[in-house]
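Coordinate-derived values only; no laboratory data. Everything quoted here is computed from the prediction, not taken from an experiment. Every residue, glycine as well, gets a Cβ built from its backbone with ideal geometry; the counts of neighbours run over all protein chains shown.
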Amino acid sequence: MSRVVHFEIQADDLERAKAFYTAVFDWSFLDYGEFMDTPYWGIVTGPDDEPGINGGLLQRSAPAPSDGHGANGFVCTMGVDDYDKTEQRILDAGGHVVLPKAALTGLAWQGYYLDPEGNTFGIHQPDPAAA
């Protein structure tokens, strides 16, 4: 069985994408451009001793899906401690709601958003009382 070990986010404006993900999730970015011979930012999503994976941010190589057409690749979902606070951070940083907060009954709260680059992502707050 194989597990996901890395993800990539494509963006038209790399600086705007970095600012968004830093503001919303407190991610940090490392310049790996010298290794890739193209602009490429490593994404550090958290400490190495916590569950999760890191990723990369790169220039978009094809048009983003237009509004109303959904995702055209994998959709990553981030675990959060406070759904409502995180949603507000998303909106304040320029993100948009795709599918609003919904209960996964007895399990969690889940919702989907667009970043300013047009990429779909989810947030997920475990909550056994979700109904």
Dimensionless Rg/Rh of segment 2-66, both radii on Cα and Rh by Kirkwood, sits at 0.98
If R0 = 25 Å, then Arg16 and Thr105, at their Cβ-Cβ distance, give a FRET efficiency to the nearest 0.05 of 0.10
For the chain, one quarter of the surface area of the C-alpha convex hull, expressed in nm², comes to 9.2 nm²
In debye to the nearest 20, the charge dipole size for segment 42-131, taken about the Cα centre with +1 at each Lys and Arg Cβ and -1 at each Asp and Glu Cβ, equals 320 debye
Quick calc: nm separation of the 7 Å Cα→Cβ label points for Ala129 and Ser61 -> 4.7 nm
With DSSP loop assignment and no more than 16 other C-beta atoms within 10 Å, the trypsin sites (Lys or Arg not before Pro) in segment 1-96 are Arg3, Arg60
Extend 7 Å from the Cα of Glu8 along its Cα-to-C-beta direction; within segment 27-48, residues with backbone N under 19 Å of that point are 29-45
Going fewest to most other Cβ atoms within 10 Å around each Cβ, Met1, Met78 line up as Met1, Met78
Counting only DSSP beta bridges with both partners in the chain, the antiparallel fraction in percent, to the nearest 5, comes to 70 percent
